[in-house]
Amino acid sequence: MIDASLALVAESEFVRPAIDWHAAAPELILLAWGALVTVIDLIWLERSRRFMPSLAGLGFLAALVPVVTLWASDDSVRTMFDGAYVVDKYSLVLKALFLVTGYIIVLISTNYMADGDYYDSEYYQLIAASVLGMLVMTSARDLISIFVAIELVSIPAYLMAAWRKRDLKSNEAGLKYMLMGVFASGILLYGMSLLYGVTGETKLTGIAEQLNSDGRPLLSLAVIFTVIGFGFKVSAVPFHTWAPDTYEGAPTPLTAFLAVASKAAGFVALLSVVLVALPKQSDVVEPLLWILAAVTMTVGNLLAMRQTNIVRMLAYSGVAQAGYMLAPLAVYSIGELNSVAIGGSVASSIVSYLLIYAATNLGAFAVVIAVARKTRSGEIVSYGGLFKYAPGLTVLMTIFLISFAGVPPVGAWLGKLQLFLTVLESQTVAGVVLAVIMAINSVLAAYYYFFIAKQMWFMPVANQDSAPVVIPAPLKLALLLTVALTLAGGLGAFTGIANL
């Protein structure tokens, strides 16, 4: 009996799956660089503090190199682990988005962290760990790897939200974000477990092949719980309640990171699951996402109009923007579905908007950080008369606000137009009504964006303090990069890239 068992073990000897090292290079480089930064910090301690931002920034740029070479290669789709990990044009665009976002976050964090009583080295290590989770997320086509990637994104963010350790608001932000995040992860995991129970598959393509009309009540419950779990990650109403308090209490660079990268990661996971695993469940997913999109954009804009703090205003603005990006998924059955490589008009419109939204939002938060260095305030009234003593910042912030509002030819107008066209492409009553709701909400949003512009250009200087704003070099570079990307997005530069 023992000999037979040993023979069986020998016959079933583990065979290492084939790995495409070029396709996995961005993740491996970032992982190795994070380990290097950790070792340097352990050896040199405080002496390494001044080098950490530069090392972290170089890590993101180094990981960007294989993304470019993969884009230029002849293989448009590379698969590993029996299709559970896919590197295609969709994932490469998003990997570039996350790496560039990580680099810009390092730039706007450099002086913010150096000027405060913060742990610098650990902060940059956690940023790298969270971005690594985002890179994995873009290529994950399996429920297990998607969930692991989500937790890798989220757990460092919970810690960084409470980074201002002597600030009660920061402590509250971290605690609220963690508790709500853990609760949402539990709901998401329950939904995924039901999907596995119904299909016996964790691979997204396998789930799509197995799903049919059998077990409809249980399947509908699985879809609803899964979508609700992702709703928290993208701050959709009514799962958005953590966002304003967390954004206000967390360090402002981390707020920018959550508003851009973390939200984008949630959309990446939602896109992968909906477009690849659930093409046959549009009768359940589309009505649910229609309601979420309409309510999210409306509630987000109405609450943003009432804010007096610019960070809270940007938080509710981000909620509304999530509603716009959910809209194409409410009509996703028009797209190219059930494919290993994600594509189609739905994915292209959302990814295009994510790229422009990221550049605009990062730029707006960079201006907020620059102005707060002088005013020590986040109140909108503190922007009064900004043009008189910081005309450059005023012009930049105006460009970002116009981009948010979707006014041509700056930034997000083209991305928002693509969202509209994708929704209307469904040629259904639900699609037309949703497009009308999007148009009304765009008008509502213009009110509070232009209210800030009015403060900067026409109101008297707050506190009669006209001393110039001193902007550190890393923050200047971040502002230049974000405004260049925002203007390029308005001219259609991202449309071709995201034509998946």
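The numbers here are math on the coordinates, done by the rules we state, and not lab data. None of these values were measured; they are calculated from a predicted model. Note that each Cβ is placed from the backbone with ideal geometry, even for glycine, and that neighbours are counted across all protein chains shown.
Quick check: Cα centre of the stretch 401-434 to Cα centre of the stretch 33-57, how many Å?
44 Å
Return the tail of the calculated pair distribution for the stretch 268-318, meaning the percent of Cα-Cα pairs more than 15 Å apart.
Everything past 15 Å amounts to 58 percent.
Name the residues whose placed amide hydrogens come within less than 5 Å of the amide hydrogen of LYS203, ignoring near sequence neighbours (fewer than 5 apart) on the same chain.
LEU143
Does anyone have the angle between helix 52-72 and the longest principal axis of the chain? Alpha-carbon axes, 0 to 90°, nearest 10?
For helix 52-72, the angle is close to 50 degrees.
Taking the beta-carbon count within 10 Å as an exposure proxy, list SER345, SER139, SER54, SER109 from fewest neighbours to most.
Least to most surrounded, the residues fall as SER54, SER345, SER139, SER109.
Taking a quarter of the surface of the Cα convex hull of the stretch 245-386, what do you get in nm²?
8.8 nm²
Along its principal axes, what span do the Cα atoms of the stretch 106-150 show, with the longest given first and each in whole Å?
Its Cα atoms span 42, 16, 10 Å along the three principal axes.
Taking only pairs that are 8 or more places apart or on different chains, how many Lys pairs in the chain have Cα atoms under 15 angstrom apart?
Lysine pairs meeting both conditions in the chain amount to 6.
Given contacts defined as C-alpha pairs under 8 Å and at least six residues apart, what's the relative contact order of the chain, whole-number percent?
14 percent
Over the stretch 19-497, what per residue volume does the convex hull of the Cα atoms give, in whole Å³?
128 Å³
For a quick check: sort TYR389, TYR90 by the number of other beta carbons within 10 angstrom, fewest at the front.
The fewest-first ordering by Cβ neighbours comes to TYR389, TYR90.
Return the whole-Å distance between the Cα centroid of the stretch 469-485 and the Cα centroid of the stretch 166-195.
So the separation of the two Cα centres works out to 33 Å.
Quick one: Cα centre-to-centre distance for the stretch 114-155 and the stretch 352-370, in angstrom?
Comparing the Cα centres of the stretch 114-155 and the stretch 352-370, I get a distance of 20 Å.
Using only Cα atoms and rounding to the nearest 10 degrees, what angle (0 to 90) does helix 168-199 make with the longest principal axis of the chain?
On a 0 to 90 degree scale, this one is about 30.
Which three semi-axes in whole Å describe the equivalent ellipsoid of the stretch 340-443, each the square root of 5 times a Cα gyration tensor eigenvalue, listed largest first?
Computed over the stretch 340-443, the values are 34, 15, 11 Å.
Compute the helix-to-body angle for 25-44: its Cα long axis versus the longest principal axis of the chain, expressed 0 to 90° and rounded to tens.
Between the helix axis and the principal axis of the chain, the angle is about 60 degrees.
Given labels modelled 7 Å from the Cα in the Cβ direction, how far is it in nm from VAL469 to ILE19?
Between VAL469 and ILE19, the simple spin-label model gives 4.6 nm.
Which ³J(HN,Hα) values in Hz, rounded to whole numbers, follow from the phi angles of the stretch 249-261 under the Karplus curve 6.51 cos²θ - 1.76 cosθ + 1.60, where θ = phi - 60° and Gly and Pro get x?
Working through the residues one at a time gives x, 6, x, 4, x, 5, 4, 4, 5, 5, 5, 10, 5 Hz.
Residue by residue through the stretch 286-292, which ³J(HN,Hα) values in whole Hz follow from phi under the Karplus form 6.51 cos²θ - 1.76 cosθ + 1.60 (θ = phi - 60°), with glycine and proline marked x?
Each residue's phi maps through the Karplus curve to give 4, x, 5, 6, 4, 5, 4 Hz.
Give me ASP167, ASP120 ranked fewest to most by other Cβ atoms within 10 Å of their Cβ, as a rough exposure proxy.
Ranked by crowding around the Cβ, least crowded first: ASP167, ASP120.
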